[in-house]
There are 2 protein chains.
Amino acid sequence: MKDRKLLMIPGPIEFTPAVMRAMGMPTASHVAPNFIEVFGQALERLRQVFLCPAGQPFVVAGSGTLAMEMAAANLIEPGDRALVVNTGVFGDRFGVILERFGAEVTQVCAPAIGDAPAIEEVEAVLQSGDFKLMTITHVDTSTAVAADVKSLAALGQQYGVLVVVDGVCAVAGEEMRQEKWGIDLAITASQKAIGVPPGLALIVAGPRAMETYRQRDRPAGSFYADWEQWLPIMEAYEARRPSYFGTPPVNLVWALNVSLAQILAEGIGARFARHQRVSRAVKSAVAALGLEEVPVSPERGAVTLTAPYYPDGVDSALLGHIGSAGVILAGGLHPAIKDRYFRIGHMGAVNESDVMATVGAIETGLILAGCEIEPGTGLAAAQAALAKPA
Amino acid sequence: MKDRKLLMIPGPIEFTPAVMRAMGMPTASHVAPNFIEVFGQALERLRQVFLCPAGQPFVVAGSGTLAMEMAAANLIEPGDRALVVNTGVFGDRFGVILERFGAEVTQVCAPAIGDAPAIEEVEAVLQSGDFKLMTITHVDTSTAVAADVKSLAALGQQYGVLVVVDGVCAVAGEEMRQEKWGIDLAITASQKAIGVPPGLALIVAGPRAMETYRQRDRPAGSFYADWEQWLPIMEAYEARRPSYFGTPPVNLVWALNVSLAQILAEGIGARFARHQRVSRAVKSAVAALGLEEVPVSPERGAVTLTAPYYPDGVDSALLGHIGSAGVILAGGLHPAIKDRYFRIGHMGAVNESDVMATVGAIETGLILAGCEIEPGTGLAAAQAALAKPA
């Protein structure tokens, strides 16, 4: 009996064998020629995966929150106004971080949990004030709501504000075309759809973001997050020159380069389509089993994860039952509804077998929790969705 | 033929097979019971390795510089005075970081590169002003100078300042007894003597440091470095409760726990003695080969690394020759003498075989660089040193 359960949470996800081999490789010197080549390739590939040919990539040891801090620390000066398009707790967090670096923050909040602010409302706020920057959480992991990044970014460009996308639960899973859509800065963290164990903050900054940074009057409020330190390092690795500021997380960077190569080999378009297909299958199964989702409508729902409410009379003990059937899912994260829903991550290397295993375990778990469902209902719905042409 | 060279630089170092297996293990959920247990153990063990039973440990994704930033961001408020005992570029760096968070910094510098400020000079400066905090770089990796942490910490306690030790190239290699010596906060990074691939910032804060943090008037200048976020997380893992702020770097934390267990199994005292024995052997070999060291006297020299000047007529091409003989060493780091010296790291899992391989490669490299040395001179000196009782 394998002693390991399938990990279907919204990060860390299941990583590919090649990525894990890179994690376990003897660690190279951070200035060894082979590692310089690997880091240089990873930076080039990051730009391709973010679809931002003119962007400046940053790869730094940290969590996704460090990537948010880098955006705020380098783009905000005290007194700047920032607009946060808020679809959950990660919008709240971005607001706090922006304020920490001196921004005056206006939150444009969703009318209800599971919803997103109307684009007209965001536009009205943009018209009302002189904003330097707006942030959009592509997928808020706490609500499984996906923002309409394409339309919001276009709006931001129209009003001349810097568009910052928190793509932590999205990049390389949800469709995002950074340069084409007018996104000035996008971030993610390694353990999500980009497919590398946790420990890397990842950023691609477009030309307008870099120009804003270069025209700062004062240094960034943080030293560790300051691009002043990191920009020469990223430029050196990309030029295949040795350099040093802080020792890079060698094994994670090596694993990142492996994963980015796998993503580009699959093809970004094919990868987006695979994520949509898997997501449709999971959501069809959830619906067939009679579970409601947190997002108020299918249009609001993320591709990378699904957040169903527990059925009546069932609580988080369900996750234990699903776990005993072999699959690990995540509990709720949004404080207002934390104990009323759960979360299924399906991104990165996820495949059809993972979908069937997950839906099967959810059915078993529901039955163990006392729900009266017909075994196979969810599985049949998932199969039917997978069989449909894209 | 093995395709790998021995990595003898001052970090990343050679890691043990068990640590690397943890790096390559399938990644667990950050709230899985087995990972919670591992993280909890790692925190408990960190306290033991720092010899600080009453300390509060922090384990966060980042480089050693993030650990320095955490010290500054949480302990400094604008206008506080800080004293930096400067023995190289990492003293310079700590000064810049402290200033970034509003400190007025007084640098007490070594009279020459390779030296350390006299303790009387540090005392005179402490007498002259109302300092909140002093920093000491235990081993400045740029000069291989070790500060007299025990005496300096005692002085700091005498004058009622917080004593902060940058132990990045020292902890678990150089003798440091945090609580007994009166060190209020000590930091390190994973890729040094503590024996884990790069990517973790490690801190143990004593009761006076935590009290200073609790009495802050305003929040820390950085959000990612703010203990407000991390303290409840560390407390939760240690109490074996699930919690979340930013996704921890699961594989690195797992590897840390493995390495800390190995360190404690060896015994801290035995580990310090092994590092001293290995260091004496390398330094004896270097002296026998006629190379001068950057530290101005043996008392100033670090245990964890050795920094010899190139002999006359030899430049950094020597490192290529040593590399072709199978061992990777590091070039200079201090800008004033960067091209005049090199660095040999010997910490963590380092053993006698590594010493002989390294000294042998240095001899071969010197001969290839045209030096007239008698082959075996350094090796014989290293052997003799290793044979001596401690």
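Say we look at segment B:1-34 and pick out the residues that are over 29 Å from B:A307 (Cβ atoms) and of a type in the set (S, T, N, Q); which of these is surrounded by the fewest Cβ atoms within 10 Å (Cβ to Cβ)?
B:N34
Yes/no matrix, rows are residues, columns are (1) without any contact (Cβ under 8 Å) to a residue 40 or more places away in the chain; (2) within 27 Å of B:G55 (Cβ to Cβ):
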position	(1), (2)
B:E99	yes, yes
B:A103	yes, yes
B:A112	no, no
B:F131	no, yes
B:V145	no, yes
B:A154	yes, yes
B:Y159	yes, yes
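Out of the residues in segment A:231-249 meeting the condition of being within 12 Å of another protein chain (Cβ to nearest Cβ) and of a type outside the set (V, I, T), tell me which one is nearest to A:G199 (Cα to Cα).
Applying the filter and picking the extreme gives A:P249.
Just to be sure before I move on: is A:V296 hydrophobic (A, V, I, L, M, F, W, C) and within 29 Å of A:E266 (Cβ to Cβ) in the structure I sent?
Answer is no for this residue.
Listed here are the residues, each with its yes/no results for (1) closer than 26 Å to B:A172 by Cα; (2) hydroxyl-bearing (S, T, Y).
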site	(1), (2)
B:S279	yes, yes
B:P308	yes, no
B:A317	no, no
B:I322	no, no
B:V327	yes, no
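Return the pairs, sorted by first residue and then second, in which the second residue is of a type in the set (S, T, N, Q), the first residue lies in segment A:317-334 and is over 22 Å from A:K2 (Cα atoms), the beta carbons are less than 9 Å apart, and the residues are 6+ apart or on different chains.
Qualifying pairs under 9 Å: A:G331/A:S316; A:G332/A:S142; A:G332/A:S316; A:L333/A:T141; A:L333/A:S142; A:L333/A:T143; A:H334/A:S142; A:H334/A:T143.
One residue is enough: does segment B:229-236 have a residue meeting the conditions surrounded by 24 or more Cβ atoms within 10 Å (Cβ to Cβ), outside any loop (DSSP other than H, G, I, E, B) and not β-branched (V, I, T)?
no
Out of segment A:1-41, which residues are of a type in the set (D, E, K, R) and in a loop (DSSP other than H, G, I, E, B)?
A:K2, A:D3, A:R4, A:K5, A:E14, listed by residue number.
Those residues that are touching a strand residue (DSSP E or B) at 6+ places or on another chain (Cβ under 6 Å) and either more than 30 Å from B:M347 (Cα to Cα) or part of a helix (DSSP H, G or I) (or both), I need them from segment B:237-252; list them, please.
B:L252
Give B:S259, B:S279, B:S243, B:S284 a once-over and let me know the one that is closer than 30 Å to A:T141 by Cβ and in contact (Cβ under 8 Å) with a residue 40 or more places away in the chain. Even if it seems obvious, please write down each step before you answer.
Working: B:S259 fails: closer than 30 Å to A:T141 by Cβ; B:S279 fails: closer than 30 Å to A:T141 by Cβ; B:S284 fails: closer than 30 Å to A:T141 by Cβ.
After ruling out the rest, the residue left standing is B:S243.
Six or more apart or on different chains, Cβ atoms under 8 Å: show the pairs whose first residue is in segment A:24-41 and under 12 Å from B:L6 (Cβ atoms) and whose second is outside any helix (DSSP H, G or I) and among the β-branched types (V, I, T).
If the second residue must be outside any helix (DSSP H, G or I) and among the β-branched types (V, I, T), the pairs left are A:S29/B:I9; A:S29/B:I328.
I need the full set of residues from segment A:250-288 which are in contact with a helix residue (DSSP H, G or I) (Cβ under 8 Å, 6 or more places away or on another chain), hydrophobic (A, V, I, L, M, F, W, C) and more than 14 Å from chain B (Cβ to nearest Cβ), in order please.
Those that are in contact with a helix residue (DSSP H, G or I) (Cβ under 8 Å, 6 or more places away or on another chain), hydrophobic (A, V, I, L, M, F, W, C) and more than 14 Å from chain B (Cβ to nearest Cβ): A:L260, A:A261, A:I263, A:L264, A:I268, A:V278, A:A281, A:V282, A:A285, A:V286, A:A287, A:A288.
So A:A186 clears everything in (1) over 17 Å from the mean Cα position of the chain (by Cα); (2) away from chain B (no Cβ under 11 Å); (3) within 20 Å of A:E99 (Cα to Cα) except one condition, right? Which one?
(1)
Residue by residue through segment B:331-348, note down the ones that are buried (at least 18 other Cβ atoms within 10 Å of the Cβ) and out of contact with any Phe, Trp or Tyr (no Cβ under 6 Å at 6 or more places or on another chain).
Initially, segment B:331-348 is screened for residues buried (at least 18 other Cβ atoms within 10 Å of the Cβ), giving B:332-334, B:341-348.
Hits for segment B:331-348 are B:L333, B:H334, B:F342, B:R343, B:I344, B:G345, B:H346, B:M347, B:G348.
In this structure, is A:R241 in the same structural domain as A:V171 (by TED's automatic domain parsing), among the charged types (D, E, K, R) and within 30 Å of B:L252 (Cβ to Cβ)?
Judged against the criteria, A:R241 is a match.
Do we find a residue being within 25 Å of A:A193 (Cβ to Cβ), touching a Leu at 6+ places or on another chain (Cβ under 6 Å), more than 14 Å from chain B (Cβ to nearest Cβ) and among the hydrophobic types (A, V, I, L, M, F, W, C) anywhere in segment A:359-370?
yes
Kindly indicate whether any position in segment B:35-51 is at the interface with another protein chain (Cβ under 10 Å from one of its Cβ atoms) and buried (at least 24 other Cβ atoms within 10 Å of the Cβ).
No, there is no match, as no residue in segment B:35-51 is at the interface with another protein chain (Cβ under 10 Å from one of its Cβ atoms) and buried (at least 24 other Cβ atoms within 10 Å of the Cβ).
Is it fair to say B:S284 is outside any strand (DSSP E or B), at pLDDT 95 or above and within 16 Å of B:L329 (Cβ to Cβ)?
So B:S284 does not fit the description; no.
Return the total of residues in segment B:79-94 being without any contact (Cβ under 8 Å) to a residue 40 or more places away in the chain and within 14 Å of another protein chain (Cβ to nearest Cβ).
Residues in segment B:79-94 being without any contact (Cβ under 8 Å) to a residue 40 or more places away in the chain and within 14 Å of another protein chain (Cβ to nearest Cβ): 2 in total.
What number of residues within segment B:7-32 satisfy the criterion of being closer than 18 Å to B:I344 by Cβ, aliphatic (A, V, I, L, M) and either at the interface with chain A (Cβ under 7 Å from one of its Cβ atoms) or out of contact with any Leu (no Cβ under 8 Å at 6 or more places or on another chain) (or both)?
2
Kindly provide the set of residues from segment B:327-346 that are more than 14 Å from every other protein chain (Cβ to nearest Cβ) and within 16 Å of the chain's Cα centre (by Cα), ordered by number.
B:H346
Consider segment B:49-65. How many of its residues are within 10 Å of B:I187 (Cα to Cα) and assigned to a helix (DSSP H, G or I)?
Result for segment B:49-65: 2.
Return the residues of segment A:166-183 that are surrounded by 24 or more Cβ atoms within 10 Å (Cβ to Cβ) and either on the phi > 0 side of the Ramachandran plot or within 10 Å of the chain's Cα centre (by Cα) (or both); say none if nothing qualifies.
If the condition is that a residue be surrounded by 24 or more Cβ atoms within 10 Å (Cβ to Cβ) and either on the phi > 0 side of the Ramachandran plot or within 10 Å of the chain's Cα centre (by Cα) (or both), then A:D166, A:G167, A:V168, A:C169, A:A170, A:V171, A:A172, A:G173 are the ones that fit.
For segment B:164-183, enumerate the residues that are more than 14 Å from every other protein chain (Cβ to nearest Cβ), aliphatic (A, V, I, L, M) and in contact (Cβ under 8 Å) with a residue 40 or more places away in the chain.
B:V164, B:A170, B:V171, B:A172, B:M176, B:I183
Working carefully through the options B:V122, B:V139, B:V161, find the one that is surrounded by 24 or more Cβ atoms within 10 Å (Cβ to Cβ) and in the same structural domain as B:E104 (by TED's automatic domain parsing).
The match here is B:V139.
The values are calculated or read from the model by the stated rules, or taken from the named source; none is laboratory data. Quick caveat: nothing in here was measured; it's all calculated off a predicted structure. In this analysis, Cβ positions are derived from the backbone assuming ideal geometry, glycine residues included, and neighbour counts consider all displayed protein chains.
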